[in-house]
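A quick write-up on the structure given underneath.
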Amino acid sequence: MEDYKKQWNTPGDTSTLRKRKNLSENTPLSKDPGRWTQDDPGSSNGTLAECHGSDSNNPPATLLLLLVVASLSFSTRFHRLSEPSHVCWDETHFGKMGSYYINRSFFFDVHPPLGKMLIGLAGYLTGYDGTFPFVKPGDKYEDHNYVGMRGFCAVLGSFLPIFAYLIVLELSQSSTAALITAAVLIFDTGCITISQYILLDPILMFFILAAVLCMVKFNHLTQRSFSASWWFWLVMTGASLTGALGVKFVGLFVILLVGLNTISDLWRLLGDLSLSMVDIAKHLVARVVGLIILPLFLYVTIFAIHFVVLNKSGPGDGFFSSAFQSRLIGNNLHNASMPEYLAYGSTITVKNLRIAGGYLHSHWHLYPEGVGAKQQQVTAYLHKDYNNVWRVHKQDHNESQSGPPDLVRHGDIIRLEHKETTRNLHSHLHEAPLTKKHFQVTGYGMNGTGDLNDLWQLEVCGGKKGDLVKVLRSKVRFLHRATGCVLYSSGKTLPKWGWEQVEVTCSPYLKETPSSQWNIEDHINPKLPNISLSLLKPHFLEILLESHIVMIRGNSGLKPKDNEMNSKPWHWPINYQGLRFSGVNETEYRVYLLGNPVLWWMNLASLGLYLIMSAVASVALQRGFSLEPKRKEHAHVLLRGGGLLLLGWLLHYAPFYTMGRVLYYHHYFPAMLFSSMLTGITLDVLFRSADLLLRPPYSDWLQRAGLMGLLFTVLYSFYLFHPLSYGMTGPLAHEPGSSMAGLKWMDSWEF
Amino acid sequence: MLHLPLMVTAQVDLVLVLVTVLSLWTRLCHLSYPNAVVFDEVYYGQFVSLYMKRVFFIDDSGPPLGHMILALGAYLGGFDGNFAWNRIGAEYPCSVSVWTLRFLPALCGALCVPLVYLLTLELKFSHLSALGAALLLLLENSLIVQSRFMLLESVLIFFVLLAFFSYLCFYNAPSSSWFRYGWLLLCGASCGAAIGVKYMGLFSYLLLLGVASLHTWNLIGDRTVSHLSVCVQCVCRFFCLLVLPVLLYVFWFYVHLSILSHSGPHDQLMSSAFQASLRGGLSRITQGQPLEVAYGSQVTLKSSASQPIPCWLHSHKANYPIRYENGRGSSHQQQVTCYPFKDVNNWWIVKDPDRQEMMVSSPPRPVRHGDVIQLVHGMTSRFLNSHDVAAPMSPHAQEVSGYINFNVSMAAQNLWRVDISNREVESDVWKTILSEVRLIHVNTSAVLKLSGVSLPDWGFRQLEIVAEKLFKANTGNLGWTVEEHRYGTSQEQKEREVELHSPSHIDVDRKISFWAKFLELQWKMLTVKQEDSEHKYSSSPLEWITMETNIAYWLHSSSNAQIHLIGNPVSWGVANFSLLAYQVLAVFYLLRRRRGFKDLPHGVWCKFVCLGCVCVGGWLVNFVPFLLMEKTLFLYHYLPALCYLYLLSPALLEHMHTHLLSSVTYQRALCVWASAVLLSVFLSYRTFCPLTYGNPELSANELRGLKWRDSWDILYRRR
């Protein structure tokens, strides 16, 4: 029975074949539990059994290994960094945005600003003057200094294997596991390629791994709470989180990881009855400060710097409210002046008050067949445009031609005529195109002559009868006379026929919301004196909120186009299809972003292996089999360390399945980092469990042979696929003369 | 030897009987009023009709069991399927037995009430709580409305509740009895049924699996049980809870496909092989065609892409315009398009590039995988050609044309390699209907493809055909299938035209296996996307919690009598309150226990946790996924989640009564409060009854009085 039990104790034991061998060979093993620890220092990899819990084992050796990892990492990333000397792929965006920072002109992007600020800074420091236009991929840099920016990204990219090495070392206390991870990341063509160009991804991944590293270090210091190093790692975790979020919103996933880890940590502390409630409160406060307040402060600071630096008008103005635009030097709203009260006969623009709401807009196009009445479209439009201009009329047509114009008051019935097309703002009892509960709003009539459905009652929110309407400051609502509904911007994007502008409806639900409130923004009336309006300068927090809403809308607006082949999340782990960074034809210098397929498939296999091994281990623990200390240690590493990494992988991968926006292959890289680290831990434990199969001296040999084999595979596959990152010229891979001939293992690879 | 007296002792839970009777009465009385199509009956009704006529259809909204249950009701009532479900409010003719159409869902809805009663008992709460839960469910107007018509939610809720009830029976039964595995089997079966009715059943099924695996995990940790017993128990659970539901799910499709054996309106979405297996439709055309495509065959090629519309490779006597509107140039050769209707211009002839003749030799030489062919358009004799000219609408791809030699040094590139993508399953030989073929252009190794874009007026709004490099093209939709096929016998163009116009004949019979059909149908159901637009009564999930929305189901054609899906506002409030209260309590208990204060004895704590897992868990899994969905959603999607909350409320009240309130005064106060709430639940049920049953008719003022929320749409008829 004892033997029978023993063979159940084997985490990682999966095949029945092995079990059978176990029965015959395993018996002597259990008699001598001391053997592994004796053998361990001899083999280059083992430090586990005695050394767990201590921070560094054999410091000079570890340091040496770290140096080797670092030098390999830097040399692979910096090799042929300046090639190709033209704009590759998204460099056209991020390089351009770096230039905007140097030129201080305002722009808009769907990602938060930190990454581009750092790129701009790197360019500035290395002598790039911001003059290169970055028009399209393939443009030659010529004598512009671009290597500095690429070098900056490559430096951050080079830190990835180092961080991964340290994380795995911390989690598993095994330098073998750490080395496997580092080798996978150093020699992965995908990681090399993505680190070599002016992109946000290396910066993002740098901060993600930094955050994980700091978190792991911090976890390790539970015995020395509130010591200096404890505080240091806590604060560094928070700072790295800011960094990750500041580069791309994908950083939210690592925040989630750290958050979950912190919650479980706090839960553990709460269960520790030796701590008083005061201690626990201190712990809680420390984490709130370090992981919430500090990162939030830093994040806001980044935006503050962003807005301070970019003080000139640029290509991004149109996305923001006019109040915001008035801050920008060179914008036409900078120090503008206009009549103060709304008057009849004025030409105006009307802006919706929901955050990042558009201008009331119309154009010559009609609603298509089947969408309400086939009349002229009325939409909300985010950009400044001559079609946003409307003219205010009294309900009857006789306007006094001479003398000062009458002012519009609360409760007045008005008509809004679209200046360009001379149609009136109109509504009727037809369903709105998207929000079916609301009524359609159209442009109707000719030269201002329409019908009774063109009449709107103007109300100042919080006003009473007779109040004047202040330009820019009053919130107004337009109530439709005939149906009693209120002019409303639903925030939904119209399909192609509406030019992807925002839907405008007439809502029968009269509750006051920003969606149904508008303000008068431009106001031109030559008969009235202009008053210089020091526009209500928007509060910083308002700008922050506004820019976030605009960014989120921009992100969700990146819908896959019909003709474009779009990448699906399930493509990624199997390395189904890469991204072409540069070059298409035979004569061009081609770079193709594709992970080293051998390594990626190994990651995938290890993931499956991990699931099996951890299932066996946890069943063994739950069933209470008596395990040797070494196996317990393995199970612990698998379940704790591996569990954390698996969670990280899931958090960085699974959410993409629910995303509606267009997805690309490179979105998988953060998850791939976690997957590689998990590979390190899994394979290490697997090799260490070799003694389940063979008796000690042979098992060590097997272990070493396995490692050597692995290393050889990694190096050889890198040798095979390195042209993907370092560039290929000559014929394409499906032709025999190519350097990649015979390596096109999947039809979907495009090199 | 007989022992006398012979005794029979029966125990009858009178409360349960009473509740059941009341529930049957509320759900079943006047079932055939209104005698008109109500709301989604218009949608389910067409499927019922198609079942009656045994005509094939695809419904992407859910698996077939639900429709089949509705159809069973119709079948029992002798419905013959002859009713056009064209609009809500249409009167049923007297030939339609409305009562039987609605009977099964109503019965399921009625049985939910006693089931909730029993379920509360199995959660180990008192009979009083059970009665409370049953009453909440009994007096919920929205559940009554949803049960009383030919709709599926009540059936779904019934199976979900049954699954949980039988699982708990299994779990609570002493582990020695083998009888309890009967409960487990029932549980698996009802899970299978729940998923078979609506995909939404999957949420509850996953929750049940979670609970079961938690229990199994504890079982594995129980060292008093022997290894063997643990293994056996795990295997039993695995079979009953995983294998059985999957088998049942497939079984529903088996029944579905066996019933629907005739071709119908949705044929076009399916592959040719599938269509050919249906009686009528394509099989009538393809019956008797030669199986193997040979050199000289006359074929029509159907694109396997069903988006945007199924169509056939087509050409006609019209050329590409020399310049397009945007100024790009074309080859000005003959247009090749994809055309969604049967037409004589869809015929193509497979020609051997090395020979001149276009007839089938005898014996026919079949075309195999890897062979190079030319395709000749039957009516115009142009060769299918592609070249390095940008396609009209998709400039990144190559143009495909019927080759015309304009002597502009543009040589013909009309060789195509036959690549049979399913040759592992079928064979190397190109077969009619069965083989899916990719046509690869030999000169440029681009593949013939439907781009999915319609051409402008010069292309008669037909669909664009392009050739695209293989690695660029989306690999899904490149296949072409030969649909109509015959061996050509005439070499002369004039004779051939006559031949093409004549219908084809000869007999062969083809079958594809059930599994192939099942997988194809399942795949189509999951991938066919309907244009989802907002509906007048659709709502967002967050509006459901506070019931900001309602659905008008029916309005009498002349009076103000109307039926609305509106919940009982008081019960709704009770449900939300108990949800909140449970969470607060749970957090409170958890934190206290973590600090070592055991407020509750172990048994009570387990009961409390189990209650939370089932009820709050059930609410979560049935509500949260909707927040992520981009479908058009309606208030009735919330009903399953709501049922879990009604299960929770009385049990939580009992928990508070026995464990939280120490003084008798408080306990009495709670009882009084509870009965007051129950009374108001009843009153509000009475208030909304006219909108639930559509009877009696209310005046406009009374209706206005019922508009408790501004956002509700209640209809007033203008007189």
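The values are calculated or read from the model by the stated rules, or taken from the named source; none is laboratory data. Only a predicted model underlies this, so the values are computations on that prediction, with no experimental measurement involved. Note that each Cβ is placed from the backbone with ideal geometry, even for glycine, and that neighbours are counted across all protein chains shown.
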message: Looking only at segment B:519-568, filter to residues that are part of a strand (DSSP E or B) and within 14 Å of chain A (Cβ to nearest Cβ); which one of those is farthest from the chain's Cα centre (by Cα)?
response: B:Ala552
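Can you confirm whether B:Asn701 is in a helix (DSSP H, G or I) and modelled with pLDDT under 90?
Working: in a helix (DSSP H, G or I): yes; modelled with pLDDT under 90: yes.
Spelling it out, B:Asn701 is indeed in a helix (DSSP H, G or I) and modelled with pLDDT under 90.
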- request: Please specify each residue of segment A:550-579 satisfying the condition of being surrounded by fewer than 14 Cβ atoms within 10 Å (Cβ to Cβ), among the hydrophobic types (A, V, I, L, M, F, W, C) and at pLDDT below 85.
  value: A:Ile552, A:Leu558
message: Residue under question is B:Phe158, and the condition is that it be surrounded by 23 or more Cβ atoms within 10 Å (Cβ to Cβ), assigned to a helix (DSSP H, G or I), away from every other protein chain (no Cβ under 14 Å) and aromatic (Phe, Trp, Tyr); does it hold?
response: yes
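Considering only segment A:402-426, state which residues are over 21 Å from A:Val469 (Cβ atoms) and in a strand (DSSP E or B). Even if it seems obvious, please write down each step before you answer.
Step one: filter segment A:402-426 for residues over 21 Å from A:Val469 (Cβ atoms), giving A:402, A:420-423, A:426.
Hit for segment A:402-426 is A:His426, nothing else.
Please return the ranges of helices (runs of 4 or more DSSP H) entirely within segment B:1-117 where 3 or more residues are within 21 Å of the chain's Cα centre (by Cα).
Working: elements: B:14-28, B:41-53, B:64-76.
Hits in segment B:1-117: B:41-53, B:64-76.
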task: Would you mention how many residues in segment A:580-613 are within 14 Å of chain B (Cβ to nearest Cβ), buried (at least 17 other Cβ atoms within 10 Å of the Cβ) and either in a loop (DSSP other than H, G, I, E, B) or among the polar types (S, T, N, Q) (or both)?
output: 1
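Need at least 2 residues that are more than 26 Å from B:Leu519 (Cα to Cα) per element, so show me which helices (runs of 4 or more DSSP H) inside segment B:175-262 make the cut, counting only ones lying wholly within it. I'd like the intermediate steps shown before the answer.
Details: elements: B:180-197, B:201-221, B:227-238, B:244-259.
Because the criterion is at least 2 residues that are more than 26 Å from B:Leu519 (Cα to Cα), the helices (runs of 4 or more DSSP H) in segment B:175-262 that meet it are B:180-197, B:201-221, B:227-238.
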message: Just to confirm my filter: which helices (runs of 4 or more DSSP H) fall fully inside segment B:571-678 and include at least 3 residues that are crowded, with 20+ Cβ neighbours inside 10 Å and touching a residue at least 60 places away in the same chain (Cβ under 8 Å)?
response: B:617-628, B:639-655
message: Among the residues in segment B:217-233, are any more than 14 Å from chain A (Cβ to nearest Cβ) and crowded, with 19+ Cβ neighbours inside 10 Å?
response: no
- request: Mind listing just one residue for me: the one in segment B:340-359 that is assigned to a loop (DSSP other than H, G, I, E, B) and among the aliphatic types (A, V, I, L, M) and, of those, nearest to B:Gly488 (Cα to Cα)?
  value: B:Met359
- prompt: Is there any pair with a first residue in segment A:262-273 that is more than 10 Å from chain B (Cβ to nearest Cβ) and a second that is buried (at least 16 other Cβ atoms within 10 Å of the Cβ) and assigned to a helix (DSSP H, G or I) whose Cβ atoms are under 6 Å apart and which are 6 or more apart or on different chains, and what are they?
  reply: A:Thr262/A:Arg287
task: Specify which of the listed residues (A:Leu528, A:Leu535) is of a type outside the set (D, E, K, R), modelled with pLDDT under 70, in a loop (DSSP other than H, G, I, E, B) and surrounded by 13 or more Cβ atoms within 10 Å (Cβ to Cβ).
output: A:Leu535
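Output the residues belonging to segment B:589-641 that are within 14 Å of another protein chain (Cβ to nearest Cβ) and farther than 20 Å from B:Ser61 by Cβ.
Narrowing segment B:589-641 to residues within 14 Å of another protein chain (Cβ to nearest Cβ): B:589-598, B:624-635.
Passing the criteria: B:Tyr589, B:Leu590, B:Leu591, B:Arg592, B:Arg593, B:Arg594, B:Arg595, B:Gly596, B:Phe597, B:Lys598, B:Val624.
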message: Here is a check on your reading of the model: is A:Ile292 surrounded by 13 or more Cβ atoms within 10 Å (Cβ to Cβ), within 14 Å of another protein chain (Cβ to nearest Cβ), part of a helix (DSSP H, G or I) and not basic (Lys, Arg)?
response: no
- line: Within segment A:507-525, residues away from every other protein chain (no Cβ under 14 Å), part of a loop (DSSP other than H, G, I, E, B) and more than 16 Å from A:Leu458 (Cα to Cα) come out as A:Asn525
field: Residue ID - modelled with the highest pLDDT, chosen from residues in segment A:700-730 that are under 24 Å from B:Ser445 (Cβ atoms) and either crowded, with 18+ Cβ neighbours inside 10 Å or within 14 Å of chain B (Cβ to nearest Cβ) (or both)
entry: A:Phe721
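Of all residues being within 14 Å of chain A (Cβ to nearest Cβ) and among the acidic types (Asp, Glu) in segment B:666-719, which is farthest from B:Cys29 (Cα to Cα)? Just the residue, please.
We begin by selecting, within segment B:666-719, every residue within 14 Å of chain A (Cβ to nearest Cβ); these are B:707, B:709-716, B:718.
Next cut, among the acidic types (Asp, Glu) only: B:710, B:713.
On the way: B:Asp710: 31, B:Asp713: 27 Å.
So, considering only residues that are within 14 Å of chain A (Cβ to nearest Cβ) and among the acidic types (Asp, Glu), the one farthest from B:Cys29 (Cα to Cα) is B:Asp710.
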message: Can you tell me how many residues within segment A:208-231 are within 19 Å of A:Leu171 (Cα to Cα) and aromatic (Phe, Trp, Tyr)?
response: 2
task: Quick one: in segment B:433-471, of everything that is out of contact with any Ser or Thr (no Cβ under 8 Å at 6 or more places or on another chain), under 14 Å from B:Met393 (Cα atoms) and away from chain A (no Cβ under 14 Å), which residue is surrounded by the fewest Cβ atoms within 10 Å (Cβ to Cβ)?
output: B:Asp457
- request: Return only the number of the condition from (1) assigned to a helix (DSSP H, G or I); (2) farther than 25 Å from A:Phe751 by Cβ that A:Thr193 does not satisfy.
  value: (2)
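Condition first: crowded, with 18+ Cβ neighbours inside 10 Å and part of a loop (DSSP other than H, G, I, E, B). Now tell me which residues in segment B:360-396 satisfy that.
First, pick out the residues of segment B:360-396 that are crowded, with 18+ Cβ neighbours inside 10 Å: B:360, B:366-367, B:371, B:373-379, B:382-387, B:389, B:391-394.
Result: B:Val360, B:Val367, B:Asp371, B:Gly378, B:Met379, B:Arg382, B:Ala391, B:Pro392, B:Met393, B:Ser394.
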